[in-house]
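Asker: Before anything else, here's the structure in question.
The values are calculated or read from the model by the stated rules, or taken from the named source; none is laboratory data. All values reported here derive from a predicted model rather than from experimental measurement. As a convention, Cβ positions derive from the backbone with ideal geometry for all residues, glycine included, and neighbour counts pool all protein chains shown.
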Amino acid sequence: MVPTNTPPYKSEEIIFFIDLSTDFLKRKTLIKALESFVKEKEKVSGNSKYGLVFFKEGKDIFSIYQKDPEFIIDLIDDSWDERDINNSYFENGLYEILARVFKKSRTINKTYRIVVLSDTVSSLSEEYHTALYNLVIKAKNFSTFIDIIRIGEKKFYEDDVRLKIITSETYGGTLYCKNAKQLDTYLNSLVKSKDDYNIIQPKPPQILQEDITFYEKLAADLISLSENDKKVGILCEQELCPICEAYSDVLYKCYNCNASFHSCCIAEYSITNNIGFSHIFRCPQCSALLKIDKDFVDMVEADQKGEDYQIFSGEEDLEIEAETREEYQEAIVERQEVHTPTQKKVKIGGFFGSEVTINASSNSKGNISINSSNKKETDKISISKLKPPKKRKKITLCSICGTSVKNSSICPVCGSKV
Ligand SMILES: [Zn+2]
Ligand SMILES: [Zn+2]
Ligand SMILES: [Zn+2]
Ligand SMILES: [Zn+2]
């Protein structure tokens, strides 16, 4: 298989978070609106999956994902009276959904649409909102869009600004539905796929450099091959690495689909196809989130630019006493994990909107635990710890068909200029 730079078809999952604690919206009205939404949605794209999150009495969370729409609507119908009608669990519900987005994003690259139906202001403190905001800005890098429909007659709500921050960060909207009977109109305005909006987005979503530890923990290392694996790299389709031509550049593979790569080949791939950090990328074959050694990628990148590579360039000002390289790296990680609240200015309501300042914590540890899906492989050596050979030849990957092209400016496979 020759991987290309065209991303694989992205499927969409729509997750309804029902955070309704009054009886302003009647069950029948909601069911009717949801049925209308699903009908309209299937005209646009027929294969969306659906999820549902709500809180039962006593703060017990109920969540179900990746189901057909009919199943979800029946479920809402059946469990309507079981929901907690005393409180809003706005933040808690979104924590749960975003944790699932992060977990799934390790292996699958798809679009998540979170639609929150809310009629009550959450009473949780500012810290909860800040923690939520820090998750939201990470989730939007995994194609997550949040829309909130506030249902109720009031003209103003205490959390108007908070809601707008959450939705505008993810290119969604906060809608106010004052007449419950019109819910179907509001829901149907969300039918259009968010991917269609990408063209008019002012700039691509930005990954914050201070969140590097978060993404490194989410991504899996490459692992060593098993005896039965094919001993050919999928990018170069060769046994011996064509870039360094050294036998020491042995193949390592993706834990999820067994696609194997030479260090040089995958480093060059990662430099042009990463998620925002040059060493973290999606597997060209199965889209699993993977990482390779950052210093090695930096070296390859410097090579490409014809620069002298210095491993710790730019970090000399660090006041760290470290005997070994490992200690040094630990120190850097520790430094990144120190909890330092910073302030961030957020613009609401477009260019002419108002600017608000919110606290953005840079504590990378977070509260989300992600189950490692490759536990059984952890005894194998990770490529992150290896130092592949440094003698390298000039070679590039064709940006059209992905073939590696050596000492030529024309791709031998598709004929395009590289
Ligand atoms: Zn893979
Ligand atoms: Zn290769
Ligand atoms: Zn190599
Ligand atoms: Zn080509």
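Asker: Looking at the range 221-272 only, could you name the residues that are in contact with a helix residue (DSSP H, G or I) (Cβ under 7 Å, 6 or more places away or on another chain) and not hydrophobic (A, V, I, L, M, F, W, C)?
Answerer: 221, 233, 249, 252, 255, 263, 268, 270
Asker: Out of all the residues in the range 141-159, is one or more of a type in the set (A, V, I, L, M, F, W, C), in the same structural domain as residue 182 (by TED's automatic domain parsing), out of contact with any helix residue (DSSP H, G or I) (no Cβ under 8 Å at 6 or more places or on another chain) and at pLDDT 95 or above?
Answerer: No, that holds for no residue.
Asker: Looking only at the range 270-304, how many residues end up being β-branched (Val, Ile, Thr) and either within 13 Å of the chain's Cα centre (by Cα) or not in a helix (DSSP H, G or I) (or both)?
Answerer: 3
Asker: Name every residue in the range 238-258 that is within 16 Å of ligand 1 (Cβ to nearest atom) and assigned to a loop (DSSP other than H, G, I, E, B), in order of residue number.
Answerer: 251, 254, 255, 256, 257, 258
Asker: Follow-up question, since we're still on this one. Name the pairs whose Cβ atoms lie under 8 Å apart, with the first residue in the range 238-259 and assigned by TED's automatic domain parsing to the domain that holds residue 286 and within 18 Å of residue 106 (Cβ to Cβ), the second near ligand 2 (Cβ under 10 Å from one of its atoms) and of a type in the set (Gly, Ala, Ser), and 6 or more positions between them or separate chains?
Answerer: That search, which allows pairs on different chains as well, returns 252/260; 252/263; 253/260; 254/260.
Asker: Looking only at residues in the range 256-294 that are under 17 Å from residue 233 (Cα atoms) and of a type in the set (Val, Ile, Thr), which one is nearest to ligand 3 (Cβ to nearest atom)?
Answerer: Restricting to residues being under 17 Å from residue 233 (Cα atoms) and of a type in the set (Val, Ile, Thr), the top hit is 266.
Asker: Looking only at the range 270-295, which residues are within 14 Å of ligand 2 (Cβ to nearest atom) and surrounded by fewer than 22 Cβ atoms within 10 Å (Cβ to Cβ)?
Answerer: Correct list: 285 only.
Asker: Evaluate the range 224-234: report whether one residue or more is touching a residue at least 12 places away in the same chain (Cβ under 8 Å), away from ligand 4 (no atom under 16 Å from the Cβ) and either outside any loop (DSSP other than H, G, I, E, B) or closer than 30 Å to residue 136 by Cα (or both).
Answerer: yes
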